[in-house]
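Worksheet: one structure, shown below.
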Amino acid sequence: MRQTLNINKLIICSVAAAVVSATVFTGCGYKPEDGKIYYDNGDTYRVIELDESKTEYIENYGVESYHVPLEGVANLSAKSEGAIEKNTVYYDVIDNLSYEALQQIYKVLGVDNYPKIVDEVKYYASSGLCTRNEIKVYGTITSDSFTKYYEGGQVIGLIADVHKYTINYTDCLKNNGEVVRSGSFCVMLVDSVEVSLFNYDEFTDLYSVKGAAND
């Protein structure tokens with residue numbers, strides 16, 4: 001009987017040890033070191049930092065053209081949906097920044113006071129830019145729309161004075177911290193914004209996306 005009890009104790013201890021080992025192993029994932037700014041990027045943590053040497057201040061950047069070139073034809077509809085606030089961030093649609101990512105980007109930029117971050121992404125077709133910041137709607141006024149051929153030159157739209165920032169990133173696997181990719185992307189932080197005329201074909205590119213008329 002004593003021998004049987006000892007065997008049972010041995011089995012219980014072995015199972016307990018296995019459970020403890022499994023728990024320890026599961027909890028041994030990688031986390032970036034203290035002081036690093038990062039966000040969840042699927043199977044990796046994306047560690048980000050500001051490349052201050054590439055910061056630019058750009059005046060009158062054409063964020064959105066209300067006259068959208070598409071195969072030589074555009075619909076012009078003067079429309080006021082709301083206010084773009086200071087410290088709104090614009091970024092390229094292909095970067096697909098998450099809610100959490102934008103929070104961490106503000107931290108990298110040292111900006112504490114910024115417009116509310118929302119789940120729905122606002123996309124600007126004429127520039128290929130997006131924002132996750134709230135656009136406060138005070139009222140909507142829409143003129144009659146009409147179709148005309150786009151022949152280049154001035155259009156009406158949204159322009160902004162912006163700081164263009166370059167963010168360097170390193171993607172590290174969550175399980176062991178191995179670096180699997182690195183690179184950079186850009187964001188634009190709004191200083192001031194207004195509706196104005198600007199030359200669509202000449203406004204400064206943050207990216208190379210400006211619509212079919214510029215292919």
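The values are calculated or read from the model by the stated rules, or taken from the named source; none is laboratory data. What you see is a predicted model, and the numbers here were worked out from it, not measured in a lab. We place every Cβ from the backbone using ideal geometry, glycine too, and count neighbours over all the protein chains shown. SASA here: full protein model, heavy atoms, side chains in, ligands and nucleic acids out. Shrake-Rupley method; radii C 1.70, N 1.55, O 1.52, S 1.80 Å.
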List the number of the failed condition for ASP201; all other conditions in (1) assigned to a strand (DSSP E or B); (2) modelled with pLDDT under 75 hold. (1)
Within region 146-174, of all residues that are open to solvent by 40 Å² or more (accessible area, probe 1.4 Å) and modelled with pLDDT under 95, the one nearest to LYS86 (Cα to Cα) is ILE156
Can you pull out the residues in region 106-145 that are assigned to a strand (DSSP E or B), open to solvent by 80 Å² or more (accessible area, probe 1.4 Å) and at pLDDT 80 or above? ASP119, GLU120, TYR123
Any idea which of (1) open to solvent by 50 Å² or more (accessible area, probe 1.4 Å); (2) closer than 30 Å to GLN154 by Cβ; (3) at pLDDT 90 or above is the one THR88 doesn't satisfy? (1)
Scanning region 40-67 residue by residue, those modelled with pLDDT under 95, open to solvent by less than 60 Å² (accessible area, probe 1.4 Å) and not polar (S, T, N, Q) turn out to be GLY42, ILE58, TYR61, GLY62, VAL63, GLU64, TYR66, HIS67
